[in-house]
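Structure first, commentary second.
FYI, it's all coordinate maths here, none of it is from the lab. The model shown is predicted, which means the values in this text are computed figures rather than measured ones. In this analysis, Cβ positions are derived from the backbone assuming ideal geometry, glycine residues included, and neighbour counts consider all displayed protein chains.
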Amino acid sequence: MTALTYQKDARAYRFSLPNEIWGLKLRPPAFSILAYLCYLNSHHRGDAVPNADEIAELLHMSPDMAQKQIDALVKRDLISPQMVPVFTHKRTGKFFSLPNEIFSLDLGHGAITVYAYLLYCEDRSSHQCHPSYKTISATVGLSVNTVMKHIAKLVDRQFITVEHTSYFDRQGMKKNGNNSYTILPIQKAVDHSYERQMVKLAETTERQRVAEELRKTRPCSPL
């Protein structure tokens with residue numbers, strides 16, 4: 001049994017970002033805040049815009065960093081002072097979409113941004129993409145090592161699978177190719193998150209039970 005049921009029409013549970021967002025050269029903290037505000041706006045939740053502290057907790061950053069990024073987005077005319085996205089009204093062309101659940105699965109701003117870029121690159125028919133670590137790094141503004149860490153996290157949380165590829169060069173030498181990423185249905189990540197929460201709850205309950213048993217069996221102090 002899962003916390004969320006499978007969705008019949010995935011499009012109703014997604015929100016769109018223009019492809020041109022990658023041209024803005026936003027680092028993950030700013031990208032994830034802007035994406036979150038777009039999510040709220042696209043689902044008519046703009047009247048309940050969270051404050052910087054709430055955004056910081058949601059996206060795994062300090063409140064000071066969150067406020068700094070919000071101020072920078074306002075200064076660049078990407079959001080209004082009321083934190084309503086305005087850049088989308090100025091953009092035309094193609095869009096890509098993200099699942100609503102992305103902000104409720106405890107990923108953090110770095111992994112969210114890397115995942116969003118993989119979705120942008122995704123072939124909609126095969127659900128695969130093949131960007132190199134260097135390409136991802138240059139696009140999202142993170143080091144290659146940090147990108148690799150976020151990729152591993154996305155695999156562990158069942159957002160994606162990764163297949164390592166290879167090829168032979170003109171000299172017949174075998175070389176490592178770009179990874180092949182497959183975007184999994186978001187329900188897999190939802191189910192995995194739910195299972196992790198249940199395991200954590202069971203572990204907490206067991207620790208409390210043991211602590212209570214130890215308290216009961218502890219000898220009384222002499223008078």
Dipole-positive endmost among THR204, GLY172, GLN187 within segment 155-216 (Cβ charges, Cα centre): GLY172
The chain, relative contact order [Cα under 8 Å, separation at least 6], %: 21
Ratio Rg/Rh [Cα only; Rh per Kirkwood] for segment 80-186: 1.04
Charge dipole (debye, nearest 20) of the chain; +1 at Cβ of Lys and Arg, -1 at Cβ of Asp and Glu: 500
Percentage, to the nearest whole number, of Cα pairs in the chain over 27 Å apart: 43
FRET efficiency, 1/(1 + (r/R0)^6) with R0 41 Å, evaluated for ASP71 and TYR133 via beta carbons: 0.85
29 Å Cα-Cα reach of LYS75 towards lysines, excluding residues that sit fewer than 8 places from it in its own chain: LYS25, LYS90, LYS94
Nearest-0.05 FRET efficiency for ASP106 and LYS175, computed from C-beta distance (R0 30 Å): 0.25
Proximal charge balance of LEU201 [Cβ under 14 Å; K/R count +1, D/E count -1]: +1
